[in-house]
Amino acid sequence: MRVPVFRGHDASSAAPPIVGGYRLASSAAAMSLSVLRDVVAKAAQPGVVSFALGMPDVELFPTAAFSRVFDRVLRRERQALQYGPPFQPLQAQIATLMEKRGAPCRKEQVFLTHGAQQGMRLLAQLLLDPGGRVLLEEIVYEGCRMAFQGHAPELQTVPTSAAAGLDVEAVEERLSRAPKPAFLYVIPDGHNPLGASLSLAGRARLVDLARQHQMPIIEDDAYGFLYYEQGPLPPLRALDDRWIFHLGSFSKILAPGLRVGWIVVPESLVPALSAHKQGADLYTANLNQIAITRFLEREPFEEHLAMLRREYMKRRDVMLHALAENLPRPAATWTVPRCGMYVWVELPESVDATDLLSTAIETEKVAFSPGEAFAIGDSRRARHCLRLSFANSSPDQIEDGIRRLGRALARHLAAPPPASTRATPPRPSTAA
Ligand SMILES: Cc1ncc(COP(=O)(O)O)c(C=O)c1O
C-alpha cells in the first residue's frame, strides 16, 4: 500500500520567501492562505445565509451571567487584571468537568491554554521535531495543520469516513510497518468537518495501539460536551491516562472570545509544557480564567449545557429534514452527527463544491465550506463534498438556506460550469 506523505515545506531546497521586500524565515513559505478566507468574506455579505463557519451562536452565549461575573470579579478581585499563573480553582473546576465528561483526572494534570488551538500548538512544540512525522486523518480540521506546520512535519494521512471516522485498522497497519510518528491527532467526537464519532470498539482498539507502540495521541475534544440524543461516548482519555493527551475548550460551550481551553497531560510533562507556554504568551488571560471559575462556581452551568444541547439538536434536526426535502437522493448523501456542529454532504463526484459555492453565493446567497478545504494532501478526494454548520443559524434560516442550496445545486447539476481550471488546491487558513 502506498503511504500518503505530505510535507509542510522543505526548508533546504525552497528559496527564502521575500514579502514586501522583507526576507522572511523559510518556515513562512508554508504558512499559506486559503479559499476559506474568501468564503468568510463572501459569506459575511448582507443577505447571505451562511453555514460556512463553525462558530457557536452569539444568541446562546451566557452574556448576562458573564456581565454579572465580570462586574463582581473586577470589584472584588483586584489581582484579576494582574499577570496570573494557572488559576488553581479553575484547574479544579475543569477536573470536575472532566469527571462529568467520563474521564476523571487530577487538577494538577489540567494545563490551561488560550483555547484548544493553542493546546495543539504547544503539544506539537513538546513532541514534534522539525520534519517529524504526524499521523492524522486525510480529511480533518484545518486548524491542526496550521498548528503543526511551523515544524515542517511529514504529514502521513490515514483514511477516514463520514460514517465511522478514523480508520483504526489503517492506523494499525501503518504502525506495523513504519516507524512510529511523534503523535497521532484525532477528533473522536463530533468530528470537524465530518460530523462522525468513533465507535466504542474503535476507541478501545486505538488506545491499545497507543499503548502497544508507546505513541502519544492528541485527542481533540472541542465538541465532546455537545452530544445529542444518544448520549456521550467515553473519550479516549477515559481509557488511558498515559498516552492520551486530551484537548478541551470552553469555546463551544461558553464563548470562544474567552479563549480558554485546556490540555490534560501527565504531571511529569507540565514543566516542559509550561516553558513553551511562557515562551508563547507567559500565561493564559488572568481575568478570563477567574471569570470562568466564578461562572462555574455560581451560575447553573449544567442547565446552560442542557440548553445548548437542546438548541443545537433542534437545529441539526431542522437541517437534516430540510436536506431530505431539498437535495436529490441518492445523488446526495450526508451524515447524521450524534455530537458537534457539522453535517458533511457528499455530492456526485462530477460536482466541484468550490465552483458550486461561487454560484450558490451569487445566485442564491447561501454559503458553506467546500470539502477540499479540509483535505490533507490530495484535495480531490473531498472536492465533491461540503461542510454545513448548523450551529450559527436559527431554524428558520436553516430551512430557508437549505432550500436555497437545493435550488443552487439543481441548477448546477442541470448546467455544470466548464471543467474547473483551478490548478492549485486551495489551502485553508481560517480555523473554525
Ligand atoms: C476540532 C477543533 N479543534 C479546535 C478548535 C479551536 O478551538 P479553540 O477555540 O478552543 O481554540 C476548533 C474550532 O473550531 C475545532 O473545530
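The single residue among PRO89, PRO153, PRO130 that is crowded, with 22+ Cβ neighbours inside 10 Å and away from the ligand (no atom under 16 Å from the Cβ) turns out to be PRO153. Of all residues in the range 342-387, those satisfying the criterion of being in contact with a His (Cβ under 9 Å, 6 or more places away or on another chain) and not in a helix (DSSP H, G or I) are TYR342, TRP344, GLU346, LEU347, PRO348, GLU349, SER350, VAL351, ASP352. Among residues of the range 84-131 being over 21 Å from the mean Cα position of the chain (by Cα) and of a type in the set (A, V, I, L, M, F, W, C), the one that is nearest to ARG242 (Cα to Cα) is CYS105.
May I ask you to say which residue of ASP241, ASP220 is in contact (Cβ under 8 Å) with a residue 12 or more places away in the chain, out of contact with any Gly (no Cβ under 9 Å at 6 or more places or on another chain), under 23 Å from LEU127 (Cβ atoms) and of a type outside the set (Gly, Ala, Ser)?
Details: ASP220 fails: out of contact with any Gly (no Cβ under 9 Å at 6 or more places or on another chain).
Only one candidate qualifies: ASP241.
Here PHE70 meets the list (1) of a type outside the set (Lys, Arg); (2) assigned to a loop (DSSP other than H, G, I, E, B); (3) more than 23 Å from the chain's Cα centre (by Cα) almost entirely, failing just condition (2). Among the residues of the range 402-415, some residue qualifies, meaning at least one is under 22 Å from TYR228 (Cα atoms), at pLDDT 90 or above and outside any strand (DSSP E or B).
Hey, among ALA152, ALA92, which residue is within 27 Å of LEU233 (Cα to Cα) and among the small types (Gly, Ala, Ser)? Steps first, please.
Details: ALA152 fails: within 27 Å of LEU233 (Cα to Cα).
After ruling out the rest, the residue left standing is ALA92.
Please pick out the residue among VAL260, VAL264, VAL270 that is touching a residue at least 24 places away in the same chain (Cβ under 8 Å), touching a Cys at 6+ places or on another chain (Cβ under 7 Å) and more than 30 Å from LEU320 (Cβ to Cβ).
Details: VAL260 fails: touching a Cys at 6+ places or on another chain (Cβ under 7 Å); VAL270 fails: touching a Cys at 6+ places or on another chain (Cβ under 7 Å).
Matching residue, one of VAL260, VAL264, VAL270: VAL264.
Restricting VAL40, VAL3, VAL35, VAL58 to those that are modelled with pLDDT of 90 or more and not basic (Lys, Arg) reduces the list to VAL58.
Considering the range 217-270, and only residues there that are polar (S, T, N, Q) and within 12 Å of the ligand (Cβ to nearest atom), the residue that is surrounded by the most Cβ atoms within 10 Å (Cβ to Cβ) turns out to be SER249.
Are any residues in the range 161-191 within 16 Å of the ligand (Cβ to nearest atom) and charged (D, E, K, R), and if so, which ones?
Of the range 161-191, the ones within 16 Å of the ligand (Cβ to nearest atom) are 162, 165-166, 183-191.
Of everything in the range 161-191, just one residue is within 16 Å of the ligand (Cβ to nearest atom) and charged (D, E, K, R), namely ASP189.
Out of the range 320-358, which residues are of a type outside the set (D, E, K, R), within 16 Å of GLY190 (Cα to Cα) and in contact with a Leu (Cβ under 9 Å, 6 or more places away or on another chain)?
Of everything in the range 320-358, those that are of a type outside the set (D, E, K, R), within 16 Å of GLY190 (Cα to Cα) and in contact with a Leu (Cβ under 9 Å, 6 or more places away or on another chain) turn out to be TRP334, THR335, VAL336, PRO337, CYS339, GLY340, MET341, TYR342, VAL343, TRP344, VAL345.
For the range 298-305, state whether one or more residues are touching a residue at least 40 places away in the same chain (Cβ under 8 Å) and closer than 15 Å to LYS252 by Cα.
Pass one, the range 298-305, residues touching a residue at least 40 places away in the same chain (Cβ under 8 Å): 298-299, 304-305.
When the remaining residues are screened for being closer than 15 Å to LYS252 by Cα, the result is 304-305.
So far as the range 298-305 goes, yes, one or more of its residues are touching a residue at least 40 places away in the same chain (Cβ under 8 Å) and closer than 15 Å to LYS252 by Cα.
Output the residues belonging to the range 39-64 that are small (Gly, Ala, Ser), surrounded by 17 or more Cβ atoms within 10 Å (Cβ to Cβ) and out of contact with any helix residue (DSSP H, G or I) (no Cβ under 6 Å at 6 or more places or on another chain).
Our first condition is that a residue be small (Gly, Ala, Ser); within the range 39-64, this holds for 41, 43-44, 47, 50, 52, 54, 64.
Filter once more, so that each one left must be surrounded by 17 or more Cβ atoms within 10 Å (Cβ to Cβ): 43, 50, 52, 54.
Across the range 39-64, the qualifying residues are ALA43, GLY54.
If the condition is being within 28 Å of ASP396 (Cβ to Cβ) and either among the polar types (S, T, N, Q) or surrounded by 15 or more Cβ atoms within 10 Å (Cβ to Cβ) (or both), then the range 278-313 contributes HIS304, LEU305, LEU308, ARG309, GLU311, TYR312, MET313. Find all pairs meeting these conditions: Cβ atoms under 6 angstrom apart; at least six residues apart or on different chains; first residue within the range 135-146 and in contact (Cβ under 8 Å) with a residue 40 or more places away in the chain; second residue among the hydroxyl-bearing types (Ser, Thr, Tyr) and more than 9 Å from the ligand (Cβ to nearest atom). Once the first residue is in contact (Cβ under 8 Å) with a residue 40 or more places away in the chain and sits in the range 135-146, its partners that are among the hydroxyl-bearing types (Ser, Thr, Tyr) and more than 9 Å from the ligand (Cβ to nearest atom) give LEU136/TYR185; GLU137/THR160; GLU138/THR157; GLU138/THR160; ILE139/THR160; CYS144/TYR185.
The values are calculated or read from the model by the stated rules, or taken from the named source; none is laboratory data. Treat the numbers as computed from the prediction; the structure is a model and nothing was measured. In this analysis, Cβ positions are derived from the backbone assuming ideal geometry, glycine residues included, and neighbour counts consider all displayed protein chains.
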